[in-house]
Amino acid sequence: MAKRTLTPFWWFLMGAGGMVSAMLFPVHVLLFGLAFPLGWFEAPAYESLHALVAHPITRLYLFVFIFLPLFHAAHRIRYTVYDLFRVQPSMHQPIAVVCYGAATAGTIAAAYTLLTIS
Amino acid sequence: MSGGAHEPAAGLKLYHPPMSLWWWLERRAYFKIVVRELTSLFVGAFAVVTLLQIRAVGDGPEPYAAFAAMLGSPAFITFSVVAFLAVLFHALTWFPLVPTTIVLRVGEQRVPGNIIAGAHFAGWLIVSVVVAYILLRG
Amino acid sequence: MAETLRLEVSRYRPEEDSEPTLQSYDVLLDALNHVKNEIDGSLTFRWSCRMGVCGSCGMMANGEPKLTCAVPLTDYDPAQPIRIEPLQFFPVVRDLVIDMSSFLEKLSNVKPWIIRDDVEATEAVEFKQTPAELDAYKQFSMCINCMLCYSACPVIGLEPEFSGPAAIALAQRYNLDSRDKGKEERMDVLDAHEGLWGCTYFGECTKVCPKNVDPAGAIQLYKMASATDYLKSLLLPWGSK
């Protein structure tokens, strides 16, 4: 195979993250962002939430929930910045590094938090 | 490269139309797609909020109560309203695009795009109900 | 049938103008050709077949890229002028005639022909194809190079180097052809920001295509194929050539 760019890989993560966030984010934002704070429904008690988060399957779920959507956002923001601000091609690379770098940092933070939670 | 095989004839005085900085506001279709792409800002932001929330849960009952109070502040409720509309728009524009990347065949026939998209909408509903059930069962 | 209709036509005369100006005509229904034949013979535009096959007469009508021979004037409100401009995002040669050399360059860059290195001359051999194999690429072979999709795509305006919808769809047409072996060569050209990845799926190319080619769909499938190849080579390094 001849030289290939990394873009297919980023694009794949963008797609996977788009799917995860489309499936899961509306219900999560609705519940944690609006329904619980505004008292539409009773929020889960701390103990049950803690038990839920500590469960291995939930940890894996939350890792996917954070990791893939971060790369979805990184990829889309990268190209939107290019297009909206008419970015010079010489600035493409630095913008890409910032976007994917931020998503990578968030992914490492999520992995660390989910592995060390007690 | 074809080394200039395709170049405008010499001596033409071409007019190069300028492109406005506000090109994305000038057509409804462009605006809609730019909004679709910008929903990703809220996707990223909510992923970070969730991460901070998990940290608060790990830190203990008091830090979590403080975090929950922060979620109830007017500023955050405003954020959540906009974020909810954004992720909803993301979902509504995402599922119809899924069939453009997936070619499913049953025998010789290609499965029509609206069936694939419809299946994703149905899956979205089911997943949302399951998540809500787990969080609300008390 | 004495109905009158107003056209507003973009005029650009390189000898005297530095940019296009609008000139108004009140004309009977045969619009542009009527203007040229009866009113102002200097009005310059391309057209040929009048039946939506040659792809010459693409212009902006009220801001939308249209194959002007395929749009009945009855689609427009006779009380309002119809604004006719050259296809946007292209340099203008004169009036409604655009310079298409960048487009021709992009087309030839993606090698839109059957690539094989196992035969000396393709005329000497017969490549058989089943109806199903023909169906796999037929839709993408319907393109008439009218460039409406380039005029609909803001990425072309933003990044003039972008290969664009028709060229990528045409590359896909040959990739999907059972007789072709040139997929890798084309990917060498298109796996670039100016290739596939400049596209952020505005989807307007597909909406304006008069031949239902669906270039946006072709680009999506192309990206998917590229991502799948990439992941395969990542996960199964021994499986790649």
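The values are calculated or read from the model by the stated rules, or taken from the named source; none is laboratory data. Remember, it's a predicted structure, so these values are computed and weren't measured experimentally. Here the Cβ is made from the backbone with ideal geometry for all residues, glycine too, and neighbour counts use every protein chain on show. Just the protein is used for accessible areas: all its heavy atoms, side chains included, with ligands, DNA and RNA removed. Shrake-Rupley method; radii C 1.70, N 1.55, O 1.52, S 1.80 Å.
Here are some notes:
- Filter result for C:Met142 (in contact (Cβ under 8 Å) with a residue 24 or more places away in the chain, closer than 30 Å to C:Lys36 by Cβ and surrounded by fewer than 18 Cβ atoms within 10 Å (Cβ to Cβ)): yes
- Any hit, region B:116-126, residues being in contact (Cβ under 8 Å) with a residue 12 or more places away in the chain, in a helix (DSSP H, G or I) and closer than 28 Å to A:Ala105 by Cβ: no
- Condition check for C:Arg186: over 27 Å from A:Ala96 (Cβ atoms) and basic (Lys, Arg): no
- Meets criteria (open to solvent by 30 Å² or more (accessible area, probe 1.4 Å) and facing chain A (nearest Cβ under 10 Å)) for B:Val48: yes
- Test for C:Ser108: is it within 14 Å of another protein chain (Cβ to nearest Cβ), farther than 16 Å from C:Pro210 by Cβ, in contact (Cβ under 8 Å) with a residue 24 or more places away in the chain and under 16 Å from the mean Cα position of the chain (by Cα): no
- Residues of region C:160-184 that are among the acidic types (Asp, Glu) and crowded, with 18+ Cβ neighbours inside 10 Å: C:Asp177, C:Asp180.
- Residues that are among the hydroxyl-bearing types (Ser, Thr, Tyr) and open to solvent by 70 Å² or more (accessible area, probe 1.4 Å) within region B:107-136 comprise just one, B:Tyr133.
- Residue in region C:205-216 that is touching a residue at least 24 places away in the same chain (Cβ under 8 Å), within 9 Å of chain A (Cβ to nearest Cβ), more than 24 Å from B:Thr93 (Cα to Cα) and open to solvent by 50 Å² or more (accessible area, probe 1.4 Å) present: no
- Members of region A:90-118 found to be surrounded by fewer than 14 Cβ atoms within 10 Å (Cβ to Cβ), at the interface with another protein chain (Cβ under 10 Å from one of its Cβ atoms) and small (Gly, Ala, Ser), listed by number: A:Ser118
- Qualifying residue in region A:33-45 (condition: in a helix (DSSP H, G or I) and buried (at least 21 other Cβ atoms within 10 Å of the Cβ)): yes
- Summed over region A:4-29, residues that are free of Cβ contacts under 8 Å to residues at least 40 places away in the same chain and in contact with a Phe, Trp or Tyr (Cβ under 6 Å, 6 or more places away or on another chain) total 6.
- Test: residue in region C:102-120 that is under 21 Å from C:Glu19 (Cβ atoms) and either outside any strand (DSSP E or B) or open to solvent by 30 Å² or more (accessible area, probe 1.4 Å) (or both): yes
- Residue within region B:97-106 that is assigned to a helix (DSSP H, G or I) and basic (Lys, Arg) present: no
- For region C:178-222, the set of residues classified as among the β-branched types (Val, Ile, Thr) and within 16 Å of the chain's Cα centre (by Cα) consists of C:Thr206, C:Val208, C:Val213, C:Ile219, listed by residue number.
- Residue match in region B:55-74 (condition: open to solvent by less than 20 Å² (accessible area, probe 1.4 Å) and more than 8 Å from every other protein chain (Cβ to nearest Cβ)): yes
- Applying the criterion of at least 1 residues that are open to solvent by 40 Å² or more (accessible area, probe 1.4 Å) to the strands (runs of 3 or more DSSP E) found wholly in region C:47-87 leaves C:64-67, C:82-85.
- Test: residue in region A:40-59 that is in contact (Cβ under 8 Å) with a residue 60 or more places away in the chain, in contact with a Leu (Cβ under 9 Å, 6 or more places away or on another chain) and more than 25 Å from B:Gly60 (Cβ to Cβ): no
- Of the set (1) open to solvent by 20 Å² or more (accessible area, probe 1.4 Å); (2) more than 7 Å from chain B (Cβ to nearest Cβ); (3) hydrophobic (A, V, I, L, M, F, W, C), all apply to A:Leu30 but (2).
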